[in-house]
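Here's the structure, in structure tokens; my notes come after.
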Amino acid sequence: QVQLVESGGGLVQPGGSLRLSCAASGDIGSLNAMAWYRQADGKQRELVARIPDYGRTYYADSVKGRFTIGRDVAKTTVWMQMNSLKSEDPAVYLCNADSQWDTYWGRGTKVIVPS
């Protein structure tokens, strides 16, 4: 089992920045990818950024050039730097981690960007 706990959400003005962090614990050695998703009110959950053990980091088109995902080598923390936040970015941001057998989710952290 893996536990994920997000932090760093909050209210930020358009054009501002936030840094989200996700602390992972448990069987983190089994993980092969970590990611951030977001879910806005009334919308489907969408993949924002994903960093696998092997292969290329993925970014949704809507955040390319503005968001950066990273993690430590030990996989205890995955973070996402969000710059130039827009009015379409508000959502609950959820940390996600995959192993060969399971997918794990955090409870989310809310990002608010007033329009």
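The values are calculated or read from the model by the stated rules, or taken from the named source; none is laboratory data. Keep in mind the model is a prediction, meaning the values are calculated, not measured. Glycine also receives a Cβ, built like all others from the backbone with ideal geometry; neighbour counts cover every protein chain displayed. Remember, those area values only see protein heavy atoms, side chains included, never the ligands or the DNA or RNA. Shrake-Rupley method; radii C 1.70, N 1.55, O 1.52, S 1.80 Å.
Quick notes
- GNM top mover of 59, 104, 93 - the chain, alpha-carbon springs below 10 Å: 104
- 3J(HN,Hα) couplings calculated from phi for the range 9-18 with the Karplus curve 6.51 cos²θ - 1.76 cosθ + 1.60 (θ = phi - 60°) are, in sequence order, x, x, 9, 9, 6, x, x, x, 10, 9 Hz; Gly and Pro show x.
- Formal net charge of residues neighbouring residue 99 (Cβ-Cβ distance under 13 Å; K, R +1; D, E -1): -3
- Share of carbon and sulfur in the accessible heavy-atom surface of the range 19-102 [1.4 Å probe, %]: 46 percent
- Residue-level accessible surface for residue 95, protein heavy atoms, 1.4 Å, Å²: 0 Å²
- Computed over protein heavy atoms with a 1.4 angstrom probe, the accessible surface ordering of 11, 47, largest first, is 11, 47.
- Kirkwood hydrodynamic radius over Cα pairs of the chain, then Stokes diffusion coefficient at 20 °C and 1.002 mPa s, in µm²/s: 152 µm²/s
- A straight Cα-to-Cα reach below 28 Å connects residue 75 with the lysines 64, 110, residues fewer than 8 places away in its own chain not being considered.
- Taking amide H as placed 1.01 Å from N in the peptide plane, residue 3 has its amide H under 5 Å from the amide H of 25, 26, 27, each at least 5 places away in sequence or on another chain.
- Distances between placed amide hydrogens fall under 5 Å for residue 16 paired with 85, all partners being 5 or more residues away or on another chain.
- If you take all other residues with their beta carbon under 9 Å from the beta carbon of residue 1, and give Lys and Arg +1 and Asp and Glu -1, the sum is -2.
- Heavy atoms of residue 45 accessible to a 1.4 Å probe, total area in Å² rounded to 10: 100 Å²
- The phi torsions of the range 65-71, fed into the Karplus equation with coefficients 6.51, -1.76 and 1.60 and a -60° offset, translate into couplings of x, 10, 10, 9, 9, x, 8 Hz, rounded to whole numbers, with Gly and Pro shown as x.
- Paramagnetic reach from residue 23 in the range 79-113 [backbone N under 18 Å; point 7 Å along Cα→Cβ]: 79-80, 94-97, 105-110
- Of 75, 64, 86, the residue with the greatest mean-square motion in the GNM of the chain, using alpha carbon springs below 10 Å, is 64.
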